[in-house]
Every structure is written in C-alpha cells, then in structure tokens.
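Peer 1: Here it is: the structure, laid out below.
Computed from the coordinates by the stated procedures, all read-outs in this text should not be read as laboratory data. Model, not experiment: these values are computed from the prediction. Here the Cβ positions follow ideal geometry from the backbone for every residue, glycine too, while neighbour counts run over all protein chains shown.
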Amino acid sequence: MTEDASFGPVCRPGGFSLTKLALARADFPKGAKLVDLGCGQGATLGYLAERTSFQAVGVEQEKEFCDGERIIQGDAKRLSFADGSFDGALLECSLSRMAEPEEVLAECFRILKRGGAVCITDMTCEAEERQLAGVLGRLEHRETLERRFQEAGFTVEFYYDASEELKGFWGQLLFDGRACELPRLLGADRAALKEARCGYGVWVLRK
C-alpha cells in the first residue's frame, strides 16, 4: 500500500509519486481529458478525480473492475474512442503486460490530439530480455521500449530512472512479510530477477 491509499491499493513502484511526476512533466491543460489504459481497480482514476482538474476514464479488460462509466471494459489494442479525442493517456505498469505493445501505442497515437502526451511507468532490464508469467510481464531494455515509442510516431520528451523506487517497493513487500509471495506475484524467483538486473522507468511521450 502506498501514500493516498484511500484511492485504493496501488501495487506498483513509486505509487502516486511517479504518477504526479509524469503528470507534471506532461503539463496537461486544466480540464484535460485523459484515458488510463489497463487501469485495474481505478486507484489512479480516484486520485485524478480528487486531486486534479482532469477528466479521466479507465479502460480495463477484466470485467469485474468495470462499471461501464468510470471504467470501461475494452482492449487497449482496439479502443472505441474517436481519433484525436484525448489530451493524454496513462499506461502505469501495464504496457509490459499487454500482448501487442506496438498496436497499443498505435492506438494511443490515434486517439490523442496533436501535442497530446502519453505517461508511461514500467519495468526494464539490463540483462537478457525475457517474458515472465506474473504481474511483471515482459522485461525489456530501455532502448527496446524507446525504439517502439519512436516507431509509433512519438517523441520521448522525458525519462526518469525510477529503479530506486522499485527497490523500495520490493523491500516493502519483504517488510510486510510477503517474501513467500514474490515468486508467484512476480512470475520469477529472486535469483532470476537479480540476474535480469531489473529497473523501472517513467516516460512522457509527445505526439
């Protein structure tokens, strides 16, 4: 659990502190229209509604989290929104768990207005790239991710290495007595994760 826990459980490194950083760097206008792709139970949507002037909607594949209004059930590869209908998109620890990231990024580009931005937080690795079975999904090099962003038509406007926040997140899980859950939760044992030399990053992409 992270700060601002009243908005719901935030099971990702940095919690809302990295959300705030990305939003500040994206510099969205007052009242901006945002979409949170892979929003889970909607903790970030609650944060945005309470702490910002932005209008936000979430898209999530898991039906149990969807209410048809605040959170819409859908596939990030085939969004139902019109071209140029959003000022920004968020992908918080979700792109690495989506099967076809190129198609997701193409959809983000399509639905954003000119000058719109995508805020991304996600895992990276420095060793061999790999696919994990747990919540982490793909582990890819920063260069691989940024090549995808650029091929989708985006400019990488901002990057922050949040690997220290990742270490703190794992440390908190251990402190909370959840060490035995890590292999199941992450899809790999601690030795494999250490070998992968995991990191975590924050990006702001501009259309």
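Peer 1: At LYS194 and GLU164, where each label point lies 7 Å from the Cα along Cα→Cβ, what is the point-to-point distance in nanometres?
Peer 2: 2.3
Peer 1: Right, something else. Would you mind calculating the relative contact order of the stretch 27-114 from Cα pairs under 8 angstrom and at least 6 residues apart, reporting the percent as a whole number?
Peer 2: 31
Peer 1: With the cut-off at 20 Å, report for the stretch 67-164 the share of all Cα pairs above it, as a whole percent.
Peer 2: Cα-Cα pairs in the stretch 67-164 separated by more than 20 Å: 38 percent.
Peer 1: Provide the per-residue ³J(HN,Hα) series for the stretch 15-28, in order, calculated from phi with Karplus coefficients 6.51, -1.76, 1.60 and θ = phi - 60°, each as a whole number of Hz, with x at glycine and proline positions.
Peer 2: Those phi angles translate into x, 6, 4, 6, 4, 4, 4, 5, 5, 5, 6, 6, 6, 5 Hz.
Peer 1: Along the three principal axes, how long is the stretch 19-94 when you take its alpha carbons, biggest first, rounded to the nearest angstrom?
Peer 2: Its Cα atoms span 31, 26, 21 Å along the three principal axes.
Peer 1: Further question on the same structure: LYS77: which aspartates and glutamates have alpha carbons under 17 Å from its alpha carbon, excluding same-chain residues fewer than 8 sequence positions away?
Peer 2: Hits, sequence-local ones excluded: ASP36, GLU60, GLU62, GLU92, GLU100, GLU102, GLU103, GLU107, GLU151.
Peer 1: Can you list the lysines whose alpha carbon is less than 20 Å from that of LYS194, not counting same-chain residues fewer than 8 positions off?
Peer 2: LYS167
Peer 1: Hey, another quick one. Between the stretch 91-113 and the stretch 144-168, what's the alpha-carbon centroid distance in Å?
Peer 2: Comparing the Cα centres of the stretch 91-113 and the stretch 144-168, I get a distance of 13 Å.
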